[in-house]
Amino acid sequence: MSARDPNCPLCREDGGTVLWRGTHLRVIEVDDADYPGFTRVIWHGHLPEMTSLSTRGRDLMMRAVYTVEQVQRDILAPDKINLASLGNMVPHLHWHVIPRWHGDRHYPDAIWAAPRVAPGTESADWHAKQAQTRQLLSRYRDRLVEAMNALLWH
């Protein structure tokens, strides 16, 4: 594992609620009221880019990202899933796996863009979808842990 940077928030802290932790990476839940199920896959060592990893490390990282995406599709059934590895603000290798729905606050733009829907003006359908998704989160978390544990054996 590579060194840690004491100034890096992803070296100092988990970065959210840990759903699963392995030798090389962790999967965390992001606390974002607008995007239930928003998950990050974070490499433990302080590396900035995918090409900083060995081929085996890159494969492990992407298999974890794909596993999170598949579990989101299976359990949360979003309209779309966004995958992003930016690192502009925190240059520590991590992937965002974000379930998206038509009518969410930023749709069809990235969640970091200016919102298209102001707080308090969301549609009734959006609120119903949010409530339904929140009811599925416990099942999502459990299935994600199962899937990540299975990933280690394949």
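The values are calculated or read from the model by the stated rules, or taken from the named source; none is laboratory data. Everything quoted here is computed from the prediction, not taken from an experiment. For neighbour counting, all protein chains shown are included, and Cβ atoms are generated from backbone atoms with ideal geometry for every residue, glycine included. Ligands, DNA and RNA are excluded from the accessible area calculation, which covers all protein heavy atoms including side chains. Shrake-Rupley method; radii C 1.70, N 1.55, O 1.52, S 1.80 Å.
Structure summary
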item: Residues located in the stretch 40-58, provided they are surrounded by fewer than 18 Cβ atoms within 10 Å (Cβ to Cβ) and among the charged types (D, E, K, R); result: E49, R56, R58
item: Count of the stretch 1-39 residues which are touching a residue at least 24 places away in the same chain (Cβ under 8 Å), among the hydrophobic types (A, V, I, L, M, F, W, C) and either exposed (fewer than 12 other Cβ atoms within 10 Å of the Cβ) or touching a helix residue (DSSP H, G or I) at 6+ places or on another chain (Cβ under 9 Å) (or both); result: 6
item: Residue in the stretch 76-98 that is part of a helix (DSSP H, G or I), touching a residue at least 60 places away in the same chain (Cβ under 8 Å) and surrounded by 14 or more Cβ atoms within 10 Å (Cβ to Cβ) present; result: yes
item: All positions within the stretch 53-67 that are in contact (Cβ under 8 Å) with a residue 24 or more places away in the chain and either charged (D, E, K, R) or in contact with a Ser or Thr (Cβ under 8 Å, 6 or more places away or on another chain) (or both); result: R63
item: Those residues of the stretch 129-153 which are open to solvent by less than 60 Å² (accessible area, probe 1.4 Å), in contact (Cβ under 8 Å) with a residue 60 or more places away in the chain and not β-branched (V, I, T), in sequence order; result: Q130, L136, L137, Y140, L144, A147, M148, L151
item: Among residues of the stretch 109-123, those that are exposed (fewer than 12 other Cβ atoms within 10 Å of the Cβ) and more than 24 Å from M62 (Cα to Cα), counted; result: 7
item: Boolean, W126 is open to solvent by 50 Å² or more (accessible area, probe 1.4 Å), free of Cβ contacts under 8 Å to residues at least 40 places away in the same chain and of a type in the set (F, W, Y); result: no
